1. Using just the Cα positions, wrap the stretch 477-585 in a convex hull and report its mean projected area in square nanometres, one decimal place.
2. Hey, what number do you get for the chain at 222 nm if only DSSP H runs of n ≥ 4 count, each worth -39500 (n - 2.57), divided across all residues, to the nearest 500?
3. Would you kindly find the accessible area of Cys154, with a 1.4 Å probe and non-protein molecules such as ligands, DNA and RNA excluded, rounding to the nearest 10 Å²?
4. Counting other Cβ atoms within 10 Å of each Cβ, which trypsin sites (Lys or Arg not before Pro) in the stretch 329-405 have at most 14 and sit in a DSSP loop?
5. From largest accessible area down, sort Ser5, Ser76; use a 1.4 Å probe on the protein chains.
6. First measure r as the distance between the Cβ atoms of Thr144 and Ser76, then evaluate 1/(1 + (r/R0)^6) with R0 = 51 Å and state the FRET efficiency to the nearest 0.05.
7. Ranked by accessible surface with a 1.4 Å probe, highest first, in what order do Arg319, Arg73 come?
8. So which GluC sites (Glu not before Pro) in the stretch 5-80 pass both tests, a DSSP loop state and at most 11 other Cβ atoms within 10 Å of the Cβ?
Amino acid sequence: MRLTSITVRRFRNFVEDQEIHIEDDVTCLVGKNESGKTTVLKAPHRLNPANGTSLKFNMTQEYPRWRLARDRRANSGLSETRPIQATFALDAADIDALAGTFGVRIPENVSVHASRDYDNDAEIWFSYDDADVIVQAAADVEITGDDLDALTACEDLVDARSVAKEQAKSLKDADEPLRAKAMTAFGTALNKYGFLEGGWEQEQVDTVWDRLPKFFYFSSYNVLPGETDLNDLASKIAAGKPLTDRERSVVALLAHAGERPQDFMDSDYDSRKAELQAASVDLSQHVFEYWRQNNDLDVIFDTDSIMVEEPDGVERPHRILKIELRDGRHGNVETNFSTRSTGFQWFFSFFAAFSEYQHSKSPIIVLLDEPGTSLHGDAQRDFVRFIFEELGSSKQTIYTTHSQHMVDPTKYEKLRGVHDRATRSDPDQGVVVTPISLSADPSTMLPVESALGYSVSQHLFIGSGQHLLVEGSSDFVYLQRLTEYLLVKPEGDNHGLDPRLAILPVGGIDNMPAFVALLGRRLAVTALVDGDRTNAKLQRIQKAARHNGVGEDAIVVCSDLDKLPSNADIEDLFDVADYLKLFNWAFNEDVKASDLPNTDEPIIKKITGVRGAFDHAVPAHALTDHREEFFESIKPKTVKQFAALFSQLNGTVNI
């Protein structure tokens, strides 16, 4: 069976029913901390758990607490509330298997629903479309042609029975005995599908339930311990005591080697140890296909015997399972697994815990709660690749995250936003889960936006060409528009910007050193900077350039151009009359050159002194809106100064 949706209701911070569509391979739940992402995973895990089978719903602890007393007074059957309901689609193998139990082939489009209530009682049922049942029943008795058309035109099962009865009589009167017999048999065939409405035998319930996928849940609490007392673990298993999340991971690890904790209690433990070490090699090879942070690690499984004082006061030997890592980078030193980075502990523990289910013939749905939170960004992206390329291709997988590195923006349709709308004054708004494109608050969207930003930046890093870094969008517009003008109406030897220079606004001069450093290490870059050569911010940019192989002549400063203020901005390349024209268009003003102080200051500073601060990007947009009118009367000084800037920038091209 394949999970198609889950519905969570009245569970923790969920109030109203939230139906969540589940993808065939991978579904990613994105949201900030405390938004309800873990709740979405905990609910289906308790429906039919593969691991942690002792988990139960607890109404006192998990029903929305601010409503519990009120709802109990209003509803005596509150414990029958179903916090989880899941919907599954049948595959061909399911239909074949269930045919023997129900006596007929179930129509393909029938859905299976399973739920569990706060009493932890499970329920399972079918939902169906009458049209599908009519078609299947007709096929069972080999009705075709016009007779089938007459049945499929019926509105429901009652109508189909009536039409079949009438058709059977008409066909009999028309001396069509075979067709009449088939129509008569149709009513009997239809009755065999009465189980779709319920009233199953226990054997039927068990058969369907046994075919439901089980849910495997993994979180940071399932990380393997560095050492485990196998005697204690074997005793807990023998006594039927519940295991901790970590202990279950150890059991799964041993199962991967074909062993159990109690197998290490006998005298043949050395052969058991050999099996365990063989399993470690197999697991390690799989892990290091995706762990690229340090490929010089080897995972070593070993056992040791120590004397432990037991409750009766007698010391007895206990077999200890030890997991160690050998680091080839540091002289093959072996250290305990628990002392290594939490990222690697999580990464390896997941593979160990899941190994028990990876090749299971029974259907398994994987629930990953904030996977790889402690991993480096590159390692998180490696794990996302594993989720989509390997895990999701064989097991439906649902995972939660608030990390940009765990979001693949190319799989946008597989993302779901989880947003807790509750407020102190209105807690009943609860959690909503929607496709990420619908209404969600900015903090819910942040990981997706960041992932897109990272994707863009990676494209820049690996792209071709030379990048021209500018401070903001106004620089971008001015360079583009003046280049367009000079391409259409060249002024002598004046040319626009070299097309090999790709303009990249960096969001302000404070960001410029980082961009120069990071891009300059791998790509050819030029930077255009406002201000004075003695400016401290400019010196930071120059230092970043020197340390990353960017030539000093690649840092172009506006104030270097002839006859400009010593701390000039790009706006000072315009003749004063030209820039004031743009300013007045932008803000519906009427500032004249005579209104400005007669000082050797940048024009931005002069206008600010007269009219107050303003958004420097708006006059640039005015140039776009009024480009034809502006260029009809552009001053020669403006053209000359921009042409000089282009000449200087073009001189930095080295590709």
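The values are calculated or read from the model by the stated rules, or taken from the named source; none is laboratory data. Not measured: the values here are computed from a predicted model. Quick reminder, even Gly has a Cβ in these numbers, built from the backbone with ideal geometry, and neighbours come from all protein chains shown. With ligands, DNA and RNA removed, areas are computed over all heavy atoms of the protein, side chains included. Shrake-Rupley method; radii C 1.70, N 1.55, O 1.52, S 1.80 Å.
1. Details: hull surface 31.8 nm².
Averaging across all directions leaves 8.0 nm² for the Cα convex hull.
2. Numbers: 23 runs with 274 residues, N = 655.
Calculated at 222 nm, the ellipticity per residue is -13000 deg cm²/dmol.
3. 20
4. Working: sites: Arg329, Arg340, Lys361, Arg381, Arg385, Lys395; in loops: Arg340, Lys361, Lys395.
Qualifying residues, ordered by number: Lys361.
5. On the way: Ser5 10, Ser76 130 Å².
Most to least solvent-accessible, the answer reads Ser76, Ser5.
6. Details: r = 54 Å, r/R0 = 1.05.
E between Thr144 and Ser76, to the nearest 0.05, is 0.40.
7. Numbers: Arg319 30, Arg73 185 Å².
Output order, biggest surface exposure first: Arg73, Arg319.
8. Numbers: sites: Glu16, Glu19, Glu23, Glu34, Glu62, Glu80; in loops: Glu16, Glu23, Glu34.
Sites meeting the loop and neighbour criteria: Glu34.
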